[in-house]
Amino acid sequence: MTLLRLDNTSDLADPLFDSMSPAEREVLNEETFKRMIAIERKRTERSKEPFLLMLLEAGKQQGSEKSARALDSMVSVLLTATRETDVIGWYKERMAIGAIFTGLVVNDKNSILSMILSRISTTLRDELTFDQFNQVSISFHFFPDEWDQEDGGRPSNPTLYPDLITPRNGRRSQLGVKRMMDVAGSALALAVLAPILAAIALAIKATSKGPVFFRQQRVGQYGQIFTFLKFRSMHVNNDASVHKEFVKRLISSESGHQPGGENGSVVYKITNDRRITPIGKFLRRTSLDELPQFINVLRGEMSLVGPRPAIPYELAVYKTWHRRRVLEVKPGITGLWQVTGRSRVKFDDMVRLDLRYATSWSPWLDFKILMRTPMAVIKGSGAY
């Protein structure tokens with residue numbers, strides 16, 4: 001069991017610790033506070049020092065005059081009972097007030113919760129009436145959080161991701177444009193490519209036993225599981241443990257590469273895989289096996305442009321910062337990774353490309369990537 005403690009925890013319990021008076025400290029508005037949660041998540045990914053988010057709500061009194069007075073008292077308590085370095089702000093404007101405790105290191109999680117709860121509860125009892133105090137609810141949320149591996153891998157605590165669950169207004173309008181591009185593009189592609197799709201299906205059935213399509217559970221945005229479609233390029237009933245072991249070594253930065261690329265170059269993908277059928281080798285080299293994913297795009301499970309969708313057993317060995325690639329944007333058929341190296345790029349570098357796309361995404365960037373994709377497919381560089 002992983003336990004945590006606060007650096008200099010005695011300072012937290014010392015009322016003389018803060019050099020600033022409550023009046024001098026700032027209470028952040030909802031938008032700014034949620035942005036601070038996102039910033040602290042990224043800081044933790046780099047430093048590996050977890051943080052704690054504490055939320056206080058007025059319970060059934062919400063929206064009433066009593067609730068407003070209780071919330072004002074809660075704000076006052078947080079300003080006086082926390083350290084100067086802790087961030088105070090509205091998680092939900094005039095509904096839930098929060099505090100971000102940073103500077104956590106691995107040791108004793110339970111003692112932190114007990115200490116903070118005791119200090120906050122004691123101060124609240126002094127500030128609130130008996131009825132108000134009984135209505136107050138306090139919740140604690142640690143980051144990094146545990147992910148639900150049994151459900152394919154998704155954040156177990158959405159409270160820590162408010163900026164992703166509810167995008168900004170400007171972002172929402174851009175996402176609307178992206179969805180329109182996805183629907184129009186995938187529908188047009190399926191209509192135009194229908195003869196090619198039929199020809200590939202016949203070739204697969206004629207050359208090997210098994211279904212035309214390969215179906216696999218993949219992880220979409222926010223950890224949502226969906227059925228991923230490809231043209232089958234392998235023999236049926238093959239051993240998936242080979243790929244599982246390779247992926248584990250690739251992500252852990254062990255020897256997850258093969259000296260089987262063009263001119264003896266290093267590639268980060270299994271090469272000369274005996275599980276692949278003769279027609280499958282051609283489909284993979286030309287990326288034609290990916291065409292059924294236009295159906296995933298039309299369904300809304302994927303986008304034309306985005307990170308490649310993760311496999312659940314792949315996500316299970318992700319580092320904390322790797323997880324952002326399945327949180328911040330919807331997975332796609334093509335993306336920065338596909339047009340800048342594909343299997344010639346290390347896994348960490350692939351994730352960095354995905355995160356770069358997530359932070360700089362725009363309809364114009366999607367258009368540019370889509371325009372570069374045909375040439376990347378024709379060259380076949382990094383495709384195996």
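Kindly evaluate residue 349 against the criterion of being more than 21 Å from residue 186 (Cα to Cα) and either surrounded by fewer than 16 Cβ atoms within 10 Å (Cβ to Cβ) or among the charged types (D, E, K, R) (or both). Give the steps one after another, and end with the answer.
Numbers: more than 21 Å from residue 186 (Cα to Cα): yes; either surrounded by fewer than 16 Cβ atoms within 10 Å (Cβ to Cβ) or among the charged types (D, E, K, R) (or both): yes.
Answer is yes for this residue.
Residue check: is residue 264 at pLDDT below 90 and under 22 Å from residue 376 (Cβ atoms)? It would help to see each step written out before you state the result.
Numbers: at pLDDT below 90: yes; under 22 Å from residue 376 (Cβ atoms): yes.
So residue 264 fits the description; yes.
Name, by its number, the condition in (1) touching a helix residue (DSSP H, G or I) at 6+ places or on another chain (Cβ under 9 Å); (2) of a type in the set (D, E, K, R); (3) more than 15 Å from residue 178 (Cβ to Cβ) that does not hold for residue 328.
(3)
So residue 121 fits all but one of (1) modelled with pLDDT under 85; (2) among the polar types (S, T, N, Q); (3) surrounded by fewer than 16 Cβ atoms within 10 Å (Cβ to Cβ); what number is the exception?
Looking at each condition in turn, residue 121 falls short on (1).
Looking only at region 124-141, count how many residues are buried (at least 16 other Cβ atoms within 10 Å of the Cβ) and among the hydrophobic types (A, V, I, L, M, F, W, C).
Residues that pass the stated criteria total 3.
Conditions first: (1) touching a Ser or Thr at 6+ places or on another chain (Cβ under 8 Å); (2) more than 23 Å from residue 31 (Cβ to Cβ). Residue 113 passes all but one, so which condition is the exception?
(1)
Does region 175-182 contain any residue that is within 26 Å of residue 223 (Cα to Cα), in a loop (DSSP other than H, G, I, E, B) and either touching a Lys or Arg at 6+ places or on another chain (Cβ under 6 Å) or at pLDDT below 90 (or both)? Quick ask: steps written out before the conclusion?
Start the filter on region 175-182 by keeping residues that are within 26 Å of residue 223 (Cα to Cα), which leaves 175-182.
Applying the additional criterion that residues be in a loop (DSSP other than H, G, I, E, B) yields none.
No - not one qualifying residue is present in region 175-182.
When you go through (1) surrounded by fewer than 21 Cβ atoms within 10 Å (Cβ to Cβ); (2) among the aliphatic types (A, V, I, L, M); (3) in contact with a strand residue (DSSP E or B) (Cβ under 8 Å, 6 or more places away or on another chain) one by one for residue 317, which number turns out not to apply?
So the condition that residue 317 fails would be (3).
Among the residues of region 200-253, count how many are over 16 Å from residue 326 (Cβ atoms), among the aromatic types (Phe, Trp, Tyr) and touching an Asp or Glu at 6+ places or on another chain (Cβ under 6 Å).
Count: 1.
Could you list, in sequence order, the residues of region 45-76 that are in a helix (DSSP H, G or I) and modelled with pLDDT of 90 or more? So that I can check it myself, show each step before the final result.
Taking region 45-76 and keeping what is in a helix (DSSP H, G or I), we get 45-47, 59-61, 65-76.
Within region 45-76, just 75 meets the criteria.
Kindly check whether there is at least one residue in region 275-289 that is modelled with pLDDT of 90 or more, within 28 Å of residue 158 (Cα to Cα) and not aromatic (Phe, Trp, Tyr).
No: region 275-289 contains no residue that is modelled with pLDDT of 90 or more, within 28 Å of residue 158 (Cα to Cα) and not aromatic (Phe, Trp, Tyr).
Would you point out the residue of region 183-225, among those that are part of a helix (DSSP H, G or I) and hydroxyl-bearing (Ser, Thr, Tyr), that is nearest to the chain's Cα centre (by Cα)?
Pass one, region 183-225, residues part of a helix (DSSP H, G or I): 183-192, 194-207, 221-223.
Okay, now just the ones that are also hydroxyl-bearing (Ser, Thr, Tyr), so 186, 207, 222.
Details: 186: 24, 207: 39, 222: 6 Å.
By that ranking, first place goes to 222.
Here is a check on your reading of the model: is residue 159 of a type in the set (S, T, N, Q) and over 30 Å from residue 273 (Cβ atoms)?
Working: of a type in the set (S, T, N, Q): yes; over 30 Å from residue 273 (Cβ atoms): yes.
Spelling it out, residue 159 is indeed of a type in the set (S, T, N, Q) and over 30 Å from residue 273 (Cβ atoms).
Does residue 76 count as free of Cβ contacts under 8 Å to residues at least 12 places away in the same chain, on the phi < 0 side of the Ramachandran plot and assigned by TED's automatic domain parsing to the domain that holds residue 132? Can you show your working first?
Numbers: free of Cβ contacts under 8 Å to residues at least 12 places away in the same chain: no; on the phi < 0 side of the Ramachandran plot: yes; assigned by TED's automatic domain parsing to the domain that holds residue 132: yes.
So residue 76 fails the test.
Of all residues in region 92-115, how many are within 16 Å of residue 136 (Cα to Cα) and surrounded by 21 or more Cβ atoms within 10 Å (Cβ to Cβ)?
Residues in region 92-115 being within 16 Å of residue 136 (Cα to Cα) and surrounded by 21 or more Cβ atoms within 10 Å (Cβ to Cβ): 3 in total.
Name, by its number, the condition in (1) in a loop (DSSP other than H, G, I, E, B); (2) buried (at least 21 other Cβ atoms within 10 Å of the Cβ) that does not hold for residue 274.
That leaves (2) as the condition not met.
The values are calculated or read from the model by the stated rules, or taken from the named source; none is laboratory data. Note that the coordinates shown come from a computational prediction; the quantities given were computed from them, not determined experimentally. Positions of Cβ are backbone-derived with ideal geometry, glycine not excepted, and every protein chain shown enters the neighbour counts.
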